[in-house]
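The values are calculated or read from the model by the stated rules, or taken from the named source; none is laboratory data. Because the structure is a prediction, the values reported are computed rather than measured. Every residue, glycine among them, receives a Cβ derived from its backbone with ideal geometry; neighbour counts consider all protein chains shown.
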């Protein structure tokens, strides 16, 4: 009966076939296609927060929302965005005097006035708050990292906290993230994890030992820890290869570390890779040595593919909330090369443990499916409308 009603609604309102119409939407009389959502970000370059935003943008389109993307600074889009999305690149300069900034905020206010705004990361959130002061614009912000360490500097963290005061809703990745903040911020909060795409290829372990990491080459990711642990691995497994996918400001420094450790023939820096899942599906292990994280997208996707994962248990990071030690992955302390080495060796030495973890890790596809996660976001949006 509901299927027939849904077909009738499609014809009546001339809705596209790929538009998702759920029972709650119809029973409450809410047609998401009538709602406007604007995503505000610095840019949509390669990065975990940007990747999640791109997924949300495309999913909200499927739910019938009219979606707009505003990039404040660089005009960079490294992820596929639905053709129906209106994209506005303002290309603001990073340096500007107060008069120019006021003009910018007025410009942004006109572009988002009356919409529901979703914004990630410090700079975009700060500018969105200033631009909408005194307006009726509904604001949804999302904390994407460890609030102890991001943004850098006490002043920026104070500005972030003040900005959250103006939010109608704040989405956190983990409960530990949310509990970091004061009660007046927590009461606006909800925990929504990162989505795991359902079309990920299933991993099939290759014949050669291939260890992989997918991350930006920044201090946060602590690549030197992974390199030192891999150096220890090559003593027992000299044929092993370590493939690192991603780019960043520390690339040259990491190249020097690779040469210094005598790993030039064993470690490959691939840079940013668009078909990353195809590249890593034959890996033996996935490792992450970050000093701090929110929830790592690459970790979740590696698990969703069925890769055995070894991750540092960051203080506010989501790895500790996702991984059950030696059941669907292995957790090690941050900045502990010995522990990382031992965990990698345990997996390399024990095919049965690898296979057990592979099988269990795949469950994140269901736990954090795109459908389940986007429904949580849609509910948040409906609450602020």
Test set (1) surrounded by 16 or more Cβ atoms within 10 Å (Cβ to Cβ); (2) closer than 15 Å to residue 222 by Cβ; (3) touching a residue at least 60 places away in the same chain (Cβ under 8 Å) - residue 354 fails condition number: (2)
Residue that is nearest to the chain's Cα centre (by Cα), among those in region 172-185 that are under 24 Å from residue 297 (Cα atoms) and surrounded by 15 or more Cβ atoms within 10 Å (Cβ to Cβ): 173
Scope region 70-85; condition within 17 Å of the chain's Cα centre (by Cα) and either on the phi > 0 side of the Ramachandran plot or not in a loop (DSSP other than H, G, I, E, B) (or both); matching residues: 77
Elements of type helices (runs of 4 or more DSSP H) contained in region 252-333, each with 2 or more residues being more than 20 Å from residue 220 (Cα to Cα): 276-280, 297-305
Residues (closer than 15 Å to residue 221 by Cβ and either free of Cβ contacts under 8 Å to residues at least 40 places away in the same chain or not assigned by TED's automatic domain parsing to the domain that holds residue 220 (or both)) located in region 231-251: 242, 244, 245, 248, 249, 250, 251
Selection count where residues are surrounded by fewer than 21 Cβ atoms within 10 Å (Cβ to Cβ) and in a helix (DSSP H, G or I), scope region 186-224: 4
The lone exception for residue 199 - which of (1) touching a residue at least 60 places away in the same chain (Cβ under 8 Å); (2) within 22 Å of residue 370 (Cα to Cα) it fails: (1)
Single unsatisfied condition, residue 93 versus (1) under 15 Å from the mean Cα position of the chain (by Cα); (2) farther than 29 Å from residue 298 by Cβ: (1)
Restricting region 42-54 to residues that are in contact (Cβ under 8 Å) with a residue 60 or more places away in the chain and touching a helix residue (DSSP H, G or I) at 6+ places or on another chain (Cβ under 7 Å), the residue that is surrounded by the fewest Cβ atoms within 10 Å (Cβ to Cβ): 51
Among the candidates 343, 339, residue that is surrounded by 16 or more Cβ atoms within 10 Å (Cβ to Cβ), closer than 21 Å to residue 304 by Cα and touching a strand residue (DSSP E or B) at 6+ places or on another chain (Cβ under 8 Å): 343
